[in-house]
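Take a look at the structure set out below.
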């Protein structure tokens, strides 16, 4: 099975940033601080940035700055699909210090969402923060053509995996074998990861809400529940049968 490609180009993300900056102007913000991993990946196109970065500073004028650990800086610089300044931040405290130096000049600095401890630390560093999570939410609600393609591909891939899993649902086959058959299709088809652990439960275990597969073998006449997901370009599908 050949994996389909869903392109995310520099043009896609440049246009996304321009639309976002127009929203910042309406909110009278001079810059915006993304702290949520999904939002960081959304603007940079880099999985490493989404997973390992402390934050992404998007000024109204000029390039964005990514604050990330040394471990992830090289990968993020290679993966990013926008022009980025990379600043190594070894810890939340280091991030706060560097952010104060580079973002302290902004009178209006919006942010999406973060634990109270982090926001408190940033405010103590002298940053004038104002929460505007809706700014990113509104942008992400409207999907671009390539995003819709990715979602549809994830759904098709999950359907293919369920179809393959159903071939193994028969007496004498273990729950783990059913899960393995499904996950093989997901990976070969291009699923980047699993949105959650593939769930296969038979017999009395089928009543459990989150039953991970075991070595238990399926018996004749038993109900079997399979719950799985696919992930394509960061977009997920979740199907249960």
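Laid out as a table, the results:
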| quantity | calculated |
| --- | --- |
| 10 Å binning of all Cα-Cα separations within the range 10-141, expressed as whole percents from 0 upward | 13, 49, 34, 3 |
| Degrees, to the nearest 10: 175-189 long Cα axis against longest axis of the chain | 50 |
| Degrees separating the helix 92-103 axis from the principal Cα axis of the chain, which is the longest one | 40 |
| Ranked by how many other beta carbons lie within 10 Å on average, peptides 143-152, 183-192, 229-238 from highest | 229-238, 183-192, 143-152 |
| Packing rank of 64-77, 92-105, where each peptide gets the mean count of other beta carbons within 10 Å, highest leading | 64-77, 92-105 |
| Between helix 70-79 and the chain: long-axis angle, C-alpha atoms, 0 to 90°, nearest 10 | 80 |
| Per-q log10 I(q)/I(0), the chain, q = 0.12, 0.18 Å⁻¹ (Debye; single scatterer per alpha-carbon; no solvent) | -0.77, -1.19 |
| Computed helical MRE - 222 nm, the chain, DSSP H runs ≥ 4 contributing -39500 (n - 2.57), nearest 500 | -14000 deg cm²/dmol |
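No value in this document is a laboratory result; all are computed from the given coordinates. Because the structure is a prediction, the values reported are computed rather than measured. Positions of Cβ are generated from backbone atoms using ideal geometry, with glycine treated the same way; all protein chains shown enter the neighbour counts.
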